[in-house]
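Below: the structure, in structure tokens.
The values are calculated or read from the model by the stated rules, or taken from the named source; none is laboratory data. Computed from a predicted model, the values in this text were never measured in an experiment. Virtual Cβ from ideal backbone geometry, glycine too; neighbours counted across all protein chains shown.
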Amino acid sequence: MYDIEYLHQATSVDDAVAALAADPLAQVIAGGTDVLVKLRDGKGAPAHLVSIHGLAGELSGVTLLDDGCVRIGANTVFHSVTTSPVIQERIPVLGEACDTPGGPQLRIAGTIGGNLCNGVTSADSASTCMALGVLLDLVGPEGRRTVPIDEWYAGPGRTVRRRDELLVAIRVPRSHYEGFAGEYIKYGKRNALEIATMGCCCLVRLAEDHDTLADVRLAFGVAGPVPMRSHAAEDGVRGLSVAQAAERVGELALEDTRPRDSWRASKAFRQQLIKEMSRRALMSAARKGGATV
Ligand SMILES: Cc1cc2nc3c(=O)[nH]c(=O)nc-3n(C[C@H](O)[C@H](O)[C@H](O)COP(=O)(O)OP(=O)(O)OC[C@H]3O[C@@H](n4cnc5c(N)ncnc54)[C@H](O)[C@@H]3O)c2cc1C
């Protein structure tokens with residue numbers, strides 16, 4: 001049973017923001033794959049919804065800006081991120097991460113914006129967005145602002161987005177992806193229709209010798225209450241050879257991750273996943289970047 005008291009179909013970003021500002025109970029619905037599941041369970045009911053479903057313009061699609069920045073409208077569904085020629089050419093790891101949630105039906109309904117706005121640590125696009133250091137463009141009654149993703153998460157299921165703000169786009173500046181190769185690994189008990197027990201994204205930029213790690217970014221989902229980078233691992237392996245880094249990265253990643261017990265997996269098992277997935281993601285990213293290890 002979906003207890004919806006009020007639904008406003010927004011006609012533009014400004015219209016959506018005005019509708020959110022006018023009603024203190026109103027919440028955004030995009031693809032609805034989180035919102036409607038919660039509503040069916042009675043959470044947040046009776047609902048006042050401002051729908052941005054299908055809103056095009058600045059909310060939709062992937063574009064390459066003149067300065068090389070990749071811009072993804074918040075309403076872009078997972079499948080469209082994965083199949084975007086810009087993503088495939090410039091940031092294939094983000095397309096691969098967006099190919100892991102749910103099953104095919106979910107990936108043509110769920111949006112990348114919804115995946116970041118739900119604030120959930122297991123969100124499959126989040127650790128890759130974290131590793132990429134994406135910028136989040138918001139519009140609210142007071143105007144526009146940009147939040148770097150490392151300042152985005154406020155706690156489990158919470159972000160710094162104000163209730164009457166709309167996420168309009170996710171931007172990846174050129175220097176954040178150019179020269180990097182990446183790997184996202186999702187661990188779950190099965191391959192499809194599974195929420196991640198652990199997600200790990202590693203980006204590496206190799207030096208000219210195709211072996212030394214000129215730069216590394218390592219981020220996790222479900223390694224703590226919110227998606228997080230492991231700066232200890234990044235700082236500890238930068239400048240090492242791929243083989244040396246693969247030996248050390250897992251232990252280092254344990255220093256600043258905080259997994260916990262849940263019904264899906266124990267803390268000890270998640271710690272094992274952090275170690276193993278860091279190593280595998282780093283090796284795979286390095287191979288994609290041209291290493292021969
Ligand atoms: C069967 C099933 C399987 C799933 N499997 C996975 C999985 O494997 N991995 C995974 O990561 N997720 C999974 N999900 C969760 C969900 O599909 C994703 O989180 C999806 O990205 C949500 O996007 P949406 O557009 O449907 O968001 P909605 O449900 O519309 O919204 C989600 C939240 O974000 C807010 N919101 C949405 N868009 C905006 C915006 N532009 N600005 C401000 N706020 C906004 C809403 O108010 C709400 O709080 C699954 C869901 C289902 C039903």
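Structure values in brief
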read-out: Single match in ASP215, ASP209, ASP235 (criterion: assigned to a loop (DSSP other than H, G, I, E, B) and without any contact (Cβ under 8 Å) to a residue 40 or more places away in the chain); value: ASP209
read-out: Test: residue in region 100-110 that is crowded, with 20+ Cβ neighbours inside 10 Å, within 9 Å of the ligand (Cβ to nearest atom) and within 18 Å of CYS202 (Cβ to Cβ); value: yes
read-out: Flag if GLY73 is in contact with a Phe, Trp or Tyr (Cβ under 6 Å, 6 or more places away or on another chain), at pLDDT 95 or above and within 10 Å of the ligand (Cβ to nearest atom); value: no
read-out: Residue match in region 135-144 (condition: within 14 Å of the ligand (Cβ to nearest atom), over 18 Å from LEU166 (Cβ atoms) and surrounded by 17 or more Cβ atoms within 10 Å (Cβ to Cβ)); value: no
read-out: Lone unmet requirement of (1) in a helix (DSSP H, G or I); (2) surrounded by fewer than 16 Cβ atoms within 10 Å (Cβ to Cβ); (3) in contact (Cβ under 8 Å) with a residue 40 or more places away in the chain for GLY290; value: (1)
read-out: Yes/no for ALA97 being crowded, with 21+ Cβ neighbours inside 10 Å, in contact (Cβ under 8 Å) with a residue 24 or more places away in the chain and within 11 Å of the ligand (Cβ to nearest atom); value: yes
read-out: Selected residue [surrounded by 13 or more Cβ atoms within 10 Å (Cβ to Cβ), away from the ligand (no atom under 12 Å from the Cβ), assigned by TED's automatic domain parsing to the domain that holds ALA265 and within 16 Å of the chain's Cα centre (by Cα)] from LEU218, LEU132, LEU213, LEU206; value: LEU218
read-out: Residue in region 112-129 that is nearest to SER175 (Cα to Cα), counting only those that are part of a helix (DSSP H, G or I) and within 6 Å of the ligand (Cβ to nearest atom); value: GLY113
read-out: Residue in region 260-275 that is surrounded by fewer than 20 Cβ atoms within 10 Å (Cβ to Cβ), hydroxyl-bearing (Ser, Thr, Tyr), in contact (Cβ under 8 Å) with a residue 24 or more places away in the chain and over 15 Å from SER230 (Cα atoms) present; value: no
